[in-house]
Each structure stands twice: as C-alpha cells, then as structure tokens.
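Reviewing the structure listed below.
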Amino acid sequence: MKAIEHGYEEQPVLAGSDELEQIEIELLLDGVHRLYGYDFRNYALPSLKRRIWHHVHAENVLTISALQEKVLHDRACFERLVYSLSIPVTEMFRDPGLFLTFRQKVVPLLRTYPYIRIWHAGCSTGEEVYSMAILLHEEGLYDKARIYATDMNERSLQQAKEGVYDISRMKQYTKNYLEAGGTRAFSEYYTAKYNSVILQPYLRKNIIFAEHNLATDTSFNEFNVILCRNVMIYFNDELRDHVHGLFHESLSRFGILVLGSKESIHFTKYSDCYESLDRVEKIYRNIK
C-alpha cells in the first residue's frame with residue numbers, strides 16, 4: 001500500500017533513478033569494505049560511478065545490485081572489480097619533464113644522504129618505479145637506495161614484480177626516457193623476447209613490492225622521497241586529506257613529496273608544512 005503524506009501519494013523509487021543508483025553504490029562499497037577490507041567509499045563519485053557501470057556491463061549483469069551479489073559471492077569477480085576501480089594507467093618516464101626536473105633539483109639533495117628510502121605509493125604495474133631505478137642508477141645513487149613500491153591491486157603488483165611489458169610500447173618509452181634526460185641507450189635496460197621485453201634483473205634488486213591501501217593502511221616507515229602521482233585525483237576531499245596526513249607522517253624532515261600534474265598540496269590542511277621546489281612539476285619539500 002502506498003504511503004500518503006500531506007494529501008498526495010508518495011511516489012515509488014524507479015529503477016535507474018539517481019536515488020536508487022546512489023543506494024546501490026553505497027551498498028556495494030560497504031559490502032566490499034566489510035567483507036574484503038577494501039575501502040572505496042571516499043573515492044570521487046563521478047569517476048567511481050562510471051567505472052562501476054563499466055564493470056556491471058563487463059560482468060554481464062544488469063544492475064549494480066546484481067554486481068554486488070556476484071562480487072560478494074565470487075572472489076575472482078571481486079578481484080576484477082578492484083583491478084577496474086584502481087585505475088592502472090601508467091608508462092615509463094611518464095611526464096618526462098618531471099623526471100628531468102627530479103634529476104636537476106632533487107638528485108643533488110639525495111647525494112648528501114648516506115641512505116635513501118623512496119616510497120612509490122599507488123605504483124600500479126611498476127613502470128614509474130623502474131623509471132626511478134634507472135634514473136638513480138645513472139646518477140650513481142641506486143646502490144644506496146631502497147624503493148618501496150606499493151599498490152592495493154594484487155594483479156598490478158604481480159606484473160610490476162615480473163617487470164615484463166609489451167614491446168610495442170618501447171618506442172614511446174624510449175622517447176620519454178630521452179626527454180627525461182636519459183644518458184644511455186634505453187634498450188640497454190631490457191631484453192626483447194617475442195612480443196614482450198623483460199627489464200634487466202639488477203633494476204629490481206633494491207625494489208620491494210608490497211600491498212598497501214592508502215585508504216585503510218597506516219605509515220610503515222620514514223622516507224626521504226614519496227611519489228604519489230595521479231592517484232588522489234580519484235579521491236574526495238576527506239580521503240585526500242587523510243592520505244596527505246599519511247604522507248606527512250611518513251616523510252623525514254626536508255623529505256620530498258612528488259605529486260601528479262593535476263594535484264597540489266595547496267588547499268589542504270598540510271599546505272603550510274611544505275615549500276615548493278618546483279611548482280610546475282609539483283615537487284615539494286617537507287619543512288615542518
């Protein structure tokens with residue numbers, strides 16, 4: 001029986017309405033968090049909504065509620081959802097200007113350290129991690145460096161650990177490398193095999209790959225450099241502030257924070273804790 005309030009009938013929520021969609025998304029994300037411990041509830045809604053609907057179609061179901069049922073009863077379906085929501089988009093020496101500026105402005109500072117700890121947060125499939133390993137190798141700093149590369153996506157981490165990439169991408173990667181100030185032939189850093197390339201094993205020797213969820217996990221070390229590029233653009237303000245707090249807690253005094261081209265420390269409650277080393281490339285130094 002329909003409820004009657006103030007003289008008119010309360011209309012039922014129609015399938016596909018914004019309100020029903022919001023309820024379904026909230027129930028899906030709450031279920032994922034409670035069952036699997038992955039927290040997407042503070043991701044920016046527009047991007048999240050698009051990716052959820054993309055996954056609804058990919059799983060050949062009709063509604064977000066049907067996706068929820070499948071995710072909660074099928075671990076493999078959940079893992080596919082995480083892979084989709086974690087947005088694994090990257091390339092070697094992505095935004096070459098950033099790596100060139102890192103060579104020019106950050107490397108001289110790192111030379112003064114007896115030991116260097118670097119955290120790549122949200123490392124995806126590892127291309128930017130290996131880019132940093134190559135840069136440090138060419139600057140004579142790799143032997144005293146330890147790179148911690150973390151992501152919440154097991155599938156992406158596994159590819160990162162293997163260091164195997166599609167050979168068709170090497171032309172773009174070589175171009176990026178040279179624009180980033182590379183000093184050798186980029187082909188020295190990999191071996192071609194069939195349609196793939198395998199990065200040289202020595203590039204992995206000082207890299208630790210591990211699962212870490214920026215939304216739910218805590219600080220695990222003190223770092224001289226933290227890179228988190230084009231990850232927080234998918235977070236809402238609350239989660240973004242939480243992650244900035246995590247980074248500030250994890251950075252050593254005068255440690256370096258590197259963000260993505262569309263991100264900034266400004267307009268966060270930690271903005272006064274940093275000075276800018278390069279405003280264009282979003283490189284900041286912790287001063288408090």
Q. Can you name every residue in the range 151-163 that is of a type outside the set (Asp, Glu) and open to solvent by less than 50 Å² (accessible area, probe 1.4 Å)?
A. 152, 153, 156, 157, 160, 163
Q: Give the number of residues within the range 130-169 that are farther than 16 Å from residue 197 by Cα and not polar (S, T, N, Q).
A: 22
Q) Only one of 227, 259 is touching a Cys at 6+ places or on another chain (Cβ under 7 Å) and open to solvent by less than 20 Å² (accessible area, probe 1.4 Å); which? A) 259
Q.
Give me the residue from the range 14-55 that is of a type in the set (Lys, Arg) and out of contact with any helix residue (DSSP H, G or I) (no Cβ under 7 Å at 6 or more places or on another chain) and, out of that set, most open to solvent (accessible area, probe 1.4 Å).
A. 34
Q) Restricting to helices (runs of 4 or more DSSP H) lying wholly in the range 22-102: which have 1 or more residues that are out of contact with any Asp or Glu (no Cβ under 7 Å at 6 or more places or on another chain) and more than 30 Å from residue 134 (Cβ to Cβ)? A) 45-58, 64-73, 75-85
Q) Do you know which of the residues in the range 145-197 that are out of contact with any strand residue (DSSP E or B) (no Cβ under 9 Å at 6 or more places or on another chain) and not in a helix (DSSP H, G or I) is modelled with the lowest pLDDT? A) 194
Q | Where residue 95 falls short, out of the listed (1) surrounded by fewer than 24 Cβ atoms within 10 Å (Cβ to Cβ); (2) on the phi < 0 side of the Ramachandran plot | A | (2)
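Consider residue 112 carefully, then state whether it is free of Cβ contacts under 8 Å to residues at least 24 places away in the same chain, open to solvent by less than 60 Å² (accessible area, probe 1.4 Å) and farther than 28 Å from residue 212 by Cα.
It is false that residue 112 is free of Cβ contacts under 8 Å to residues at least 24 places away in the same chain, open to solvent by less than 60 Å² (accessible area, probe 1.4 Å) and farther than 28 Å from residue 212 by Cα.
The values are calculated or read from the model by the stated rules, or taken from the named source; none is laboratory data. The shown structure was predicted, so the numbers you read here are calculated from the model rather than taken from an experiment. Note: ideal-geometry Cβ built from the backbone for every residue, glycine included; neighbour counts use all protein chains shown. Each accessible area value is taken on the protein alone, full model and side chains, heavy atoms only, with ligands, DNA and RNA left out. Shrake-Rupley method; radii C 1.70, N 1.55, O 1.52, S 1.80 Å.
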